[in-house]
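What follows is a single structure, written as structure tokens, with notes after it.
Read-outs: derived from the displayed coordinates by stated rules, not from any lab. In this text the structure is predicted, and so the values were computed from the model without any measurement. Cβ sites come from the backbone with ideal geometry, for glycine too, and all protein chains shown count toward neighbours.
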Amino acid sequence: MATALNPYLHFDGTAREAMDFYQSVFGGQLDTSTYADFGQGEAGNDRLIHSHLATDGGFTFMASDVPDGETAPSGSQHSMSLSGDDDEALRGYFEKLSDGGTVIEPLGQAPWGDWFGMLVDRFGVPWMVNIAGQAA
């Protein structure tokens, strides 16, 4: 089996909502498990011990809620980056991810010639989007 590097996000009770949102943006198969599924925490507690999103476009990322009583790491410790030359797909991701979030830098032509934008989604996750080879 080949080695893969996948982002793993941590939330404080909003992992399910976040991963459902990311599935609506990227599509794909979302699998989730709660702490209760593994005998940790009370029955009915829907905090996620693990979730895995494998998208139709080949992205894979995971997330969980921190256990009750613990604090999730700060969002400034990570960011997500999408890049490529599929203008339509990347612009669509940027638009969908910005829904309910904050656009830090609108998509625009960058000094290096590509189109680039930054946002923080509604869950506090920073995103960068770079569209290669786009003319002004």
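For this structure, a couple of remarks:
- Test: residue in region 104-120 that is within 15 Å of Pro7 (Cβ to Cβ) and in contact (Cβ under 8 Å) with a residue 40 or more places away in the chain: no
- Within region 16-44, if we keep just the residues that are touching a residue at least 12 places away in the same chain (Cβ under 8 Å) and part of a loop (DSSP other than H, G, I, E, B), the residue that is surrounded by the most Cβ atoms within 10 Å (Cβ to Cβ) turns out to be Tyr35.
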